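Trainee: The structure is given below, and queries will be raised subsequently.
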Amino acid sequence: MTKSHPPRVVIVGAGAAGLNLATRLSKSLGRKNKADITLVDENLSHMWKPSLHEFAVGNKGNDDEISLLAHSHRHGYNFRLGRFAGIDREKRLVKLDTVSDPENRPLAPVRALPYDVLVLAIGSRSNDFGTDGAADHCMMLDTPTQAKRLQAEILNLFLRLETGALGDIDRIDISIVGGGATGVELAAEIREATQHFANHGIEKLQDPKVVHIRIVEASPRVLSALSEKVSQKVTRHLEELSIEVLAGARVERVESHSIHLEGGANLPSTLTIWAAGIKAPDVVGSLDKLECGSLGRLKVRSTLQTTKDERIYAIGDCAECAWAEKSSFLPPRAQVAAQQAEFMERQIREHVSGRKLNEFEYIDRGSLVAVSQEGAVAALMGKAIGTITFEGWLARRAYRYLHFRHECSVQGRLRALVQSALDSAMKRIRPRLKLH
Ligand SMILES: Cc1cc2nc3c(=O)[nH]c(=O)nc-3n(C[C@H](O)[C@H](O)[C@H](O)COP(=O)(O)OP(=O)(O)OC[C@H]3O[C@@H](n4cnc5c(N)ncnc54)[C@H](O)[C@@H]3O)c2cc1C
């Protein structure tokens with residue numbers, strides 16, 4: 001490290017892991033001039049990814065995003081807008097591609113940022129496993145832009161139905177491929193949205209049968225990564241919401257208005273949303289010989305350093321980190337991202353002072369799945385309590401607490417409390433869903 005400037009720590013990705021880490025590091029190192037902290041993202045705002053399905057039905061909007069320019073100014077780190085495009089490990093440079101506005105005018109040019117320590121936190125993308133037609137005919141839910149597009153698509157579909165613009169079609173089929181937490185939560189959120197729109201002028205939706213929602217899952221049950229008990233409870237909730245669960249059904253091909261299952265079944269589908277599985281963003285595969293694992297994620301050691309370069313760390317969904325307890329890898333979850341961000345703040349302090357590095361240990365605190373605005377199923381774990389499964393209002397509160405904790409980490413407790421109080425007040429005076 002050169003002596004002329006404080007060590008340059010560059011974090012790429014302002015998501016659940018990256019923004020949390022930048023906030024923590026600015027406080028412990030940046031503000032004390034012990035390191036220069038820079039956060040890079042291709043978007044100007046942060047949207048907490050586990051809420052994307054709520055953005056996708058209009059339950060959340062622009063007010064729920066965090067401006068990265070304002071956040072960096074308040075917390076004292078540098079924010080750089082740019083699309084991460086690669087690394088030059090020898091020169092220690094992060095390569096950024098241009099980001100353009102919707103009219104294709106460049107907002108940020110091609111650039112290179114020097115680093116002494118680099119943390120990659122660029123998340124993941126949906127994995128369609130090369131399924132025929134999926135890329136062309138499915139909507140995905142990976143980014144704020146996709147969430148906003150899906151919101152417009154769903155609203156426009158309901159409007160067309162109401163106004164007769166769909167012609168003879170009097171039933172909408174919405175298929176969600178993938179019965180993990182994302183698919184389940186999205187299906188429940190769309191069902192609640194239909195009820196809401198029915199009460200706000202789209203009268204044809206008064207009959208719940210007009211919008212048929214189905215989840216297509218290849219495993220024998222939804223939420224196959226969680227316990228059978230949680231899966232059964234969630235399936236029951238889904239049935240109560242008139243959501244069809246097609247478990248043990250593998251999608252073979254997707255067409256513009258239908259999906260074909262292995263074994264020959266052909267299902268009508270006005271709108272198909274792909275929410276099955278994840279993989280690392282493509283750029284990860286071309287990172288100056290860094291080692292990748294099965295889903296294209298960056299292989300990391302227990303210190304969270306990438307296996308080929310001690311100055312480069314990877315955290316969150318884009319990292320493949322061993323989970324010794326389960327003889328597998330840590331799952332792509334907000335809980336992992338948050339724990340790794342917290343750990344990395346200490347780790348970077350050790351790194352820049354040349355002290356011995358620590359080993360990351362994940363503590364699984366359980367799972368929470370929301371199946372409507374007031375319903376949720378929780379399986380909480382702890383050494384003292386074992387596993388407790390519960391549902392309903394309390395589980396929903398626990399689910400909201402997850403987001404509140406993230407807000408406390410990145411905004412500070414006071415700001416998070418004020419924001420939460422304002423949200424509750426606004427929900428009482430304006431429609432729950434965005435209707436435009
Ligand atoms: C709909 C949905 C619901 C979910 N629900 C839950 C849940 O209930 N509980 C749970 O634990 N997990 C949930 N998850 C998973 C959770 O959101 C992720 O595990 C978590 O967000 C991972 O954090 P991350 O920081 O690694 O990535 P992200 O939060 O995805 O952040 C990645 C960041 O990198 C930026 N980025 C990506 N590529 C580039 C590039 N080339 N250049 C510049 N910037 C880039 C992105 O803009 C983004 O800001 C859900 C996911 C989805 C999609």
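Since every read-out is calculated from the coordinates, none of them should be taken as a lab result. Here the structure is a predicted model, which is why all the values come from computation and not from measurement. Using ideal geometry, Cβ is built from the backbone for each residue, glycine included, and neighbour counts are taken over all protein chains shown.
Trainee: Mind jotting down the three principal axis lengths of segment 193-307 based on Cα atoms? Whole angstrom, largest first.
Mentor: Over segment 193-307, Cα extents along the principal axes are 57, 37, 35 Å.
Trainee: How would you order 206-213, 19-26 from highest to lowest mean count of nearby Cβ atoms within 10 Å?
Mentor: On the way: 206-213: 16.0, 19-26: 27.2.
Highest mean packing first, the order is 19-26, 206-213.
Trainee: Roughly how compact is segment 264-413, stated as its Cα Rg over 2.2 N^0.38 Å to two decimals?
Mentor: Expressed relative to 2.2 N^0.38 Å, the Cα Rg reads 1.26.
Trainee: Taking Rh as the Kirkwood radius computed over C-alpha pairs, what is the Stokes-Einstein D of segment 92-204 at 4 °C in a medium of viscosity 1.567 mPa s, expressed in µm² per second?
Mentor: Reported coefficient: 72 µm²/s.
Trainee: Which one, 139, 12, 38, is farthest towards the positive end of the dipole of the chain when Lys and Arg carry +1 and Asp and Glu -1 on their Cβ?
Mentor: 38
Trainee: Expressed as an acute angle from 0 to 90° and rounded to the nearest 10, what is the orientation of the C-alpha long axis of helix 181-198 relative to the principal long axis of the chain?
Mentor: Result, in degrees: 50.
Trainee: Starting from the amide H of residue 79, placed 1.01 Å from N in the peptide plane, find each other amide H under 5 Å away whose residue is 5 or more places distant or on another chain.
Mentor: 39
Trainee: Any chance you could check the Cα centroid distance between segment 277-344 and segment 1-36 for me, in angstrom?
Mentor: 20
Trainee: From the C-alpha coordinates alone, can you work out the Kirkwood hydrodynamic radius of segment 134-278, in Å?
Mentor: Values: mean 1/r = 0.0642 Å⁻¹.
Computed over segment 134-278, the radius equals 15.6 Å.
Trainee: Of the options 176, 422, 331, report the single residue whose Cα projects farthest towards the positive end of the charge dipole of the chain (beta-carbon charges: Lys, Arg +1; Asp, Glu -1).
Mentor: Positive-most Cα among the choices belongs to 422.
Trainee: A follow-up question, please. Order 130-137, 103-110 from most to least packed using the mean count of other Cβ atoms within 10 Å.
Mentor: On the way: 130-137: 14.8, 103-110: 9.8.
Peptide ranking by packing, descending: 130-137, 103-110.
Trainee: Here is a further query. Output wanted: per-residue J couplings in Hz (rounded whole) for segment 340-346, from phi through Karplus 6.51 cos²θ - 1.76 cosθ + 1.60, θ = phi - 60°, x for Gly and Pro.
Mentor: Running phi through 6.51 cos²θ - 1.76 cosθ + 1.60 with θ = phi - 60° gives 5, 5, 4, 5, 5, 4, 5 Hz.
Trainee: Now a separate question. For residue 329, what residues show an amide H to amide H distance below 5 Å, using hydrogens built from the backbone and excluding near sequence neighbours?
Mentor: Answer set, sorted by chain and number: 323.
Trainee: What is the angle, in °, between the Cα long axis of helix 393-411 and the longest principal axis of the Cα atoms in the chain? Nearest 10 is fine, range 0 to 90.
Mentor: Taking the Cα atoms of the chain, the angle to 393-411 is about 30 degrees.
Trainee: Taking only the alpha carbons of the chain, what extent do you get along each of the three principal axes, in Å, biggest first?
Mentor: Here the Cα extents, ordered largest to smallest, are 72, 49, 44 Å.
Trainee: With charges set only on the Cβ (+1 for Lys and Arg, -1 for Asp and Glu), what does the dipole of the chain come to about its Cα centre, in debye to the nearest 20?
Mentor: It comes to approximately 2100 debye.
Trainee: Continuing with this model, one more query. With an 8 Å Cα cut-off and a minimum separation of 6 or more residues, compute the relative contact order for segment 186-279 in percent.
Mentor: That works out to 21 percent.
Trainee: According to the square roots a ≥ b ≥ c of the eigenvalues of the Cα gyration tensor, what is the shape class of segment 290-366, taking rounded for a/c under 1.5, prolate for a/b larger than b/c otherwise, and oblate for the remainder?
Mentor: oblate
Trainee: Pop out the ³J(HN,Hα) list for segment 110-122 in order, Karplus 6.51 cos²θ - 1.76 cosθ + 1.60 with θ = phi - 60°, rounded to Hz; leave Gly and Pro as x.
Mentor: Result, ordered by residue: 5, 8, 9, 10, x, 9, 9, 10, 10, 10, 9, 9, 9 Hz.
Trainee: Pull up all non-local amide H partners of residue 99: gap of 5 or more, or a different chain, and H-to-H distance under 5 Å with H placed in the peptide plane.
Mentor: So residue 99 has HN proximity to 83, 107, 108.
Trainee: What aspartates and glutamates does residue 91 reach when the alpha-carbon gap must be under 12 Å and sequence neighbours fewer than 8 apart in one chain are set aside?
Mentor: Filter leaves 116, 288.
Trainee: Nearest 500 deg cm²/dmol is fine: what mean residue ellipticity at 222 nm does the chain get from its DSSP H runs of n ≥ 4 alone, each adding -39,500 (n - 2.57), divided by its residue count?
Mentor: Calculated at 222 nm, the ellipticity per residue is -9500 deg cm²/dmol.
Trainee: Among 148-161, 47-60, 407-420, how do they line up by average Cβ neighbours within 10 Å per residue, starting with the highest?
Mentor: Averaged packing, sorted descending, gives the order 47-60, 148-161, 407-420.
Trainee: Here's something else I'd like to know. Residue by residue through segment 296-311, what is 3J(HN,Hα) from phi via Karplus (6.51 cos²θ - 1.76 cosθ + 1.60, θ = phi - 60°)? Round to whole Hz and write x for glycine and proline.
Mentor: Calculated HN-Hα couplings, in order: x, 7, 6, 6, 10, 7, 5, 7, 6, 7, 5, 5, 9, 8, 6, 8 Hz.
Trainee: Taking only Cα atoms, what is the 0 to 90° angle, nearest 10, from helix 413-429's long axis to the longest principal axis of the chain?
Mentor: Once rounded, one gets 20 degrees.
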